[in-house]
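Each value in this text was obtained by applying a stated rule to the coordinates, not by laboratory testing. Quick caveat: nothing in here was measured; it's all calculated off a predicted structure. Don't worry about glycine lacking a Cβ; one is built from the backbone with ideal geometry, like all the others, and counts go over all protein chains shown.
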Amino acid sequence: MVKACYKVIPNVLEATGKVSNPWPNVDAGSGALLMHYGLNQFDYYTVLFGVSRAFGVMAAQVWSRGLGLPIERPNSFTLEHLIKKVDHDLHIHHKHDGHKN
């Protein structure tokens, strides 16, 4: 079934003229396998994909702790801060490229 997805899906999507990358992602293969094994309640697919990705992130965190890497805590920024940061970076970029602004 997975091979069939890779043979059929790109041609169908390319025919629409609206898709830049017509190749099925990993979820297409996973979905085909789930269908094959009788899980055809599509509402559960997103949950299963999300849970599997969460296990991957958790495994990466376990390895990080095991290797003694520091705990990473993402920063929290307001939209105003992000807009100022982008404006600043654009100004610096244009300055280095010789643009006036």
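Angle, helix 79-96 long axis vs. longest principal axis of the chain, Cα atoms, 0 to 90°, nearest 10? Relative to the chain, helix 79-96 is tipped by roughly 70 degrees.
Label-to-label distance for Ala15 and Phe77 is 4.4 nm, based on points extended 7 Å past Cα in the beta-carbon direction.
Note that segment 41-50 has calculated 3J(HN,Hα) couplings of 8, 4, 4, 8, 4, 4, 4, 4, 5, x Hz, one per residue in order, obtained from phi through the Karplus relation 6.51 cos²θ - 1.76 cosθ + 1.60 (θ = phi - 60°); glycine and proline are x. Helix-derived [θ] at 222 nm for the chain: sum -39500 (n - 2.57) over DSSP H runs of at least 4, divide by residue count, nearest 500? Roughly -22000 deg cm²/dmol at 222 nm, from the helical runs in the chain.
Take 2-13, 63-74 and order them by the average number of nearby Cβ atoms within 10 Å per residue, most first; the result is 2-13, 63-74.
Given their separation in residues at 0.36 nm each and the Cα-Cα distance between them, Val86 and Thr46 gain 11.1 nm when the chain is fully extended. Across the chain, Cα-Cα distances exceeding 17 Å account for 74% of all pairs.
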